[in-house]
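Throughout, read-outs are computed from the coordinates displayed, never taken from laboratory work. Given the structure is predicted, the values throughout are model-derived calculations rather than measurements. So basically every Cβ, Gly included, is an ideal-geometry build from the backbone, and we count neighbours across all protein chains shown.
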Amino acid sequence: MTHRIAVIGGTGPQGKGLGYRFARHGHTVVLGSRSAERAEAVAAEINERLDEPTVSGADNATALQDADIALLAVPYDGHDELVASLADGLDGIIVVSCVNPLAFDKAGPHGRVVDGGEGSAAESAQRLAPGARVVGAFHHVSAVTLFGEQDYLDEEDVLVCGDDREAKDVVIELARSVTGRDGVDAGRLRLARQLEPLTAVLISINKRYKTHSGVRISGLDH
């Protein structure tokens with residue numbers, strides 16, 4: 001099944017990379033940005049790498065029009081204000097949050113505490129856009145490898161969490177556009193509290209070993 005996907009924050013490295021992967025494997029993608037001109041420029045850059053130009057750019061609100069999936073790929077700073085402003089456009093559609101609330105200090109990267117440890121960016125999105133069908137996924141895929149030349153990132157798994165069973169199944173299937181296989185059902189939406197800050201661990205590994213590490217789950221037949 002193919003989808004019309006609005007990538008909110010589509011001009012950043014993660015949004016750009018995921019938009020490229022989705023378009024490369026048959027989906028129609030609209031990159032959203034605060035600046036429509038910036039979104040159009042990045043869309044043109046992606047289209048240069050595709051056999052057919054299936055990516056367009058628009059401001060965030062316009063990008064959501066007619067989308068059946070919205071991907072939130074925005075920095076955590078300003079996340080709540082942006083989601084609240086787009087809540088009407090997110091109503092009734094599947095919203096995939098790959099937002100990682102991270103911070104950096106002299107000791108390196110670490111996860112930020114959200115809602116006193118009882119929340120996550122994904123859960124905040126669900127609270128701010130109650131009509132949306134929020135699923136957490138694609139937290140751990142490197143922006144560098146996403147925009148690379150590999151057909152699929154087949155040495156990685158996409159971990160998917162959510163409370164809406166049907167929406168989660170759609171995102172599990174959507175992961176095939178990135179890894180070439182279904183995503184892994186990682187449980188309820190509240191487990192985004194663990195998945196989001198895990199990205200800080202991968203950043204630390206990347207720095208130490210000068211690589212672009214990912215997550216692979218053993219013991220599964222997929």
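Given Cα pairs under 8 Å that are at least 6 residues apart, what percent is the relative contact order of the stretch 1-97?
On the way: 192 pairs, mean separation 30.4, N = 97.
For the stretch 1-97, the relative contact order is 31 percent.
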Margin query: Over the Cα atoms of the chain, each weighted equally, I'd like the Debye log10 I(q)/I(0) at q = 0.09, 0.15 Å⁻¹, rounded to two decimals.
Written below: -0.31, -0.93
Next item on the list: For the chain, calculate the relative contact order in percent as a whole number, restricting contacts to Cα pairs under 8 Å that are 6 or more residues apart.
Entry: 18
Next item on the list: Considering Cα pairs under 8 angstrom that are at least six residues apart, work out the relative contact order of the stretch 114-222 and quote it in whole percent.
Entry: 30
Note to self: Using the Karplus curve 6.51 cos²θ - 1.76 cosθ + 1.60 with θ = phi - 60°, what ³J(HN,Hα) values do you get for each residue of the stretch 44-53, in whole Hz, with x for Gly and Pro?
What the structure shows: 5, 4, 5, 4, 4, 9, 10, 5, 10, x
Notebook entry, point to check: How large is ³J(HN,Hα) for each residue in the stretch 196-210, as worked out from phi by the Karplus curve 6.51 cos²θ - 1.76 cosθ + 1.60 (θ = phi - 60°), to whole Hz, x for Gly and Pro?
Noted result: 4, x, 4, 4, 4, 5, 5, 4, 5, 5, 4, 5, 5, 9, 6
Check: Which value, in debye to the nearest 20, gives the size of the charge dipole of the stretch 88-222 about its Cα centre, when Lys and Arg are +1 and Asp and Glu are -1 at the Cβ?
Finding: 620
Next item on the list: Just grab the label-to-label distance for E45 and D185, each label 7 Å out from Cα along the Cβ direction, in nm (one decimal).
Entry: 3.8
Next item on the list: Can you tell me how much longer the chain between E52 and D80 gets when fully stretched, taken as 0.36 nm per residue apart minus their C-alpha distance, in nm with one decimal?
Entry: 6.6 nm
Next item on the list: Quick one: which residues, 5 or more positions from A70 or on another chain, have an amide H under 5 Å from its amide H? H modelled 1.01 Å from N in the peptide plane, none for Pro or chain starts.
Entry: A6, I94, V95, V96
Check: Mind ordering 154-167, 4-17, 79-92, 206-219 by average Cβ neighbours within 10 Å, highest first?
Finding: 4-17, 154-167, 79-92, 206-219
